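Participant: Below is a structure I'd like to ask you about.
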Amino acid sequence: MLWQPGTMMVLLAAWVCIAWPARAVAQGGELVELDPRLNLSEAKPGVVYVTSSEVRGLTAAGDPDERRLKYAWSVPAGFEKRGPGEAGRDVVIVLHEAGRTHMWAHRALAGVEGAAGGAEGGAGSAGVFRPGDIVIAPEGVRPAEDGGRTWGDDVTDVGLVRDLALEITRVFPARRIVLFGHGQGGVCALAAGCGFPRLYAGVVVSGGGLSKALKLGPAQRGVPVALLHGSEDEVAPLRWAIDARDILVQEQFRIVSLVRVYGMRHASEPAKADAAVSWLLAMTTTEPEEAMKLARGLLPSERGGAERGGDERGALGGAGFGLAARVLGRFELGAERQSWPRGFEKGADEHKAAARELMVKVEGLGLRHCAALRDEVPTGAALEAWRLSTDGPEPTWLGHLLALREDFRGVGPVEAFVGEVGFDAVQGRQDAGSRGMIEAFARAQRLEAVRNGRAEMRDEDEVLVSSAQAFERVVTKLGGAGADGAALFEGLPCELFAQMSAWHEDAQGQKLRAEDVARFGVVRAWQRGVLSGRERYERINAGW
């Protein structure tokens with residue numbers, strides 16, 4: 001054998017890879033392979049590691065696969081200095097959306113540029129999302145149709161998530177485990193949480209919904225659930241989260257919230273995802289000091305600015321007020337309650353005064369909102385008969401009340417005001433009555449996509465609707481009153497106004513009826529009322 005320059009380096013590199021297969025060091029943002037079962041003590045904060053679990057996934061056909069599931073993981077600051085008897089750390093297991101990999105969480109939830117568009121090269125960033133926790137991000141248990149991996153919601157997938165969680169408890173010093181799932185990962189996370197409710201401290205469903213196959217009953221009522229959803233989600237409509245919340249409440253789940261974030265699309269922004277996890281922990285912790293700290297973190301002026309990735313408005317905007325109020329309400333509950341949420345067995349007295357002070361401040365803000373709305377919002381039968389007008393004053397109260405109702409759930413003065421005007425009953429009827437219109441609108445969009453070559457017919461029996469038919473349904477519903485209306489339902493498609501405007505501009509080409517074109521003003525009135533109302537809502541919140 002001829003000795004060539006560089007041969008020693010090649011042999012040395014090969015020997016290193018054989019001798020230390022789980023400790024291959026990389027630089028420049030690349031992955032660092034480290035097996036925590038063997039070398040957990042070597043883990044450093046700020047580094048994203050990757051390894052393979054003991055759990056094997058599934059093939060595309062759903063059969064057992066020989067391939068071990070990979071997962072990315074990171075540890076919090078101070079982890080390497082922990083003592084032998086030190087308490088464990090909270091663990092967040094992140095299930096990515098369909099078509100992604102185990103690298104999604106440490107990129108998208110770290111705000112790494114390009115993550116939302118599908119780029120997953122490199123290691124991402126540790127310590128941005130849940131900087132005080134261990135973050136575990138496994139790849140989906142089965143291949144996705146268009147590449148990457150995905151999750152199902154049946155008993156097999158739920159069992160594999162459980163097996164992975166149990167492995168994590170054996171390998172890592174886990175205090176509590178929270179499941180966080182985005183998109184299809186959120187659907188699986190909720191199914192997994194309901195399948196093994198005693199294993200998890202809570203579930204965050206981001207940009208997802210509730211599986212129709214999921215069977216709910218008394219055994220699942222103790223599962224804490226936070227539904228995090230953007231108002232502009234173009235992939236998973238906001239109404240999916242609204243439906244999921246309503247079903248869980250109907251099934252008597254004890255800790256449920258819908259965190260609707262205005263302006264957010266089908267993404268999980270780091271600070272918002274972080275705050276949703278914090279709320280679950282705040283609602284279930286047995287430590288009053290921790291609950292108080294987490295409640296403050298949900299409020300705008302209490303977040304600590306850039307230190308937690310938030311701003312002066314708070315990570316969750318207005319939603320933080322209602323969430324914080326529910327945590328603060330725990331200080332008024334007795335520890336003898338047999339179901340969650342409950343009070344604290346000890347140590348709560350020293351925090352009660354501060355909790356009351358914050359609660360009074362939140363209720364005061366709610367009163368200011370109610371005062372701004374009281375002379376504008378129709379009450380009782382008048383609200384039932386109210387309809388959008390094209391020539392009347394701008395209904396600013398519409399967007400204001402929609403925002404307030406969802407964000408301030410559980411805040412006393414707001415609950416009293418909503419009950420006084422009879423809002424929930426009318427909104428519920430409009431919710432139920434709007435589904436046909438929404439379906440027609442979606443079918444018309446599908447037809448346009450098929451005609452433009454952006455989509456194919458799903459099957460020969462698929463029923464599609466013309467844009468003229470959908471346009472007529474929308475202007476009729478938005479201009480209706482009571483159960484025949486739709487303006488009070490917040491789950492209308494986020495693209496409704498833009499699509500209706502496009503059809504209106506091309507009225508002749510779309511073959512719209514003249515009488516329907518003449519009624520387009522109700523669409524403009526709805527849009528103006530929603531947007532101007534949100535602006536006023538935010539202005540009042542800014543006075544916090």
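Participant: For residues in region 535-544 being buried (at least 17 other Cβ atoms within 10 Å of the Cβ) and in contact with a Leu (Cβ under 8 Å, 6 or more places away or on another chain), which is farthest from residue 494 (Cα to Cα)?
Facilitator: Residue satisfying both the conditions and the ranking: 544.
Participant: Additional query: Which count do you get for residues in region 161-200 that are farther than 25 Å from residue 270 by Cα and touching a strand residue (DSSP E or B) at 6+ places or on another chain (Cβ under 6 Å)?
Facilitator: 2
Participant: Further question on the same structure: I'm checking my understanding of the structure. Among residues of region 463-500 that are in a helix (DSSP H, G or I) and without any contact (Cβ under 8 Å) to a residue 40 or more places away in the chain, which one is surrounded by the fewest Cβ atoms within 10 Å (Cβ to Cβ)?
Facilitator: Looking at the filtered set, the residue picked out is 498.
Participant: Only residues in region 413-425 that are modelled with pLDDT of 95 or more count as the first member; pair them with residues that are assigned to a loop (DSSP other than H, G, I, E, B) and buried (at least 17 other Cβ atoms within 10 Å of the Cβ), Cβ under 7 angstrom, at least 6 apart or cross-chain, and list the lot.
Facilitator: The qualifying pairs are 414/408; 421/377.
Participant: May I pose another question? Can you tell me which of 337, 387 is out of contact with any Phe, Trp or Tyr (no Cβ under 9 Å at 6 or more places or on another chain), closer than 22 Å to residue 222 by Cα and part of a loop (DSSP other than H, G, I, E, B)?
Facilitator: Within the list 337, 387, the selection yields 337.
Participant: Sticking with this structure for a sec: Tally up the residues in region 503-534 that are more than 24 Å from residue 398 (Cα to Cα) and of a type in the set (A, V, I, L, M), please.
Facilitator: Selection size over region 503-534: 3.
Participant: What's the total number of residues in region 407-430 that are surrounded by 21 or more Cβ atoms within 10 Å (Cβ to Cβ) and of a type in the set (D, E, K, R)?
Facilitator: Adding up the residues that qualify gives 1.
Participant: Limited to region 501-526, what total is found for residues that are buried (at least 18 other Cβ atoms within 10 Å of the Cβ) and either in a helix (DSSP H, G or I) or under 25 Å from the mean Cα position of the chain (by Cα) (or both)?
Facilitator: 7
Participant: State which residue is farthest from residue 341 (Cα to Cα) when the search covers only region 237-275 and only residues that are basic (Lys, Arg) and part of a helix (DSSP H, G or I).
Facilitator: My answer is 239.
Participant: A further question follows. Just to be sure before I move on: is residue 233 farther than 21 Å from residue 174 by Cα and free of Cβ contacts under 8 Å to residues at least 12 places away in the same chain in the structure I sent?
Facilitator: Here the answer is no, as residue 233 does not meet what is asked.
Participant: Quick one: residue 218 ticks every box in (1) closer than 26 Å to residue 135 by Cα; (2) modelled with pLDDT under 95 except a single one, so which number is it?
Facilitator: Single failed check for residue 218: (1).
Participant: Separate question: Suppose we filter region 139-158 for residues that are surrounded by fewer than 20 Cβ atoms within 10 Å (Cβ to Cβ), within 12 Å of residue 58 (Cα to Cα) and not aliphatic (A, V, I, L, M); how many remain?
Facilitator: 2
Participant: Working only within region 238-269, note down all residues that are modelled with pLDDT under 95, surrounded by 21 or more Cβ atoms within 10 Å (Cβ to Cβ) and not aliphatic (A, V, I, L, M).
Facilitator: Those that are modelled with pLDDT under 95, surrounded by 21 or more Cβ atoms within 10 Å (Cβ to Cβ) and not aliphatic (A, V, I, L, M): 260, 268, 269.
Participant: In region 128-163, what count of residues is obtained for those that are modelled with pLDDT of 95 or more and aromatic (Phe, Trp, Tyr)?
Facilitator: 1
The values are calculated or read from the model by the stated rules, or taken from the named source; none is laboratory data. All of these numbers come straight from a predicted model, not from anything done at the bench. Note that each Cβ is placed from the backbone with ideal geometry, even for glycine, and that neighbours are counted across all protein chains shown.
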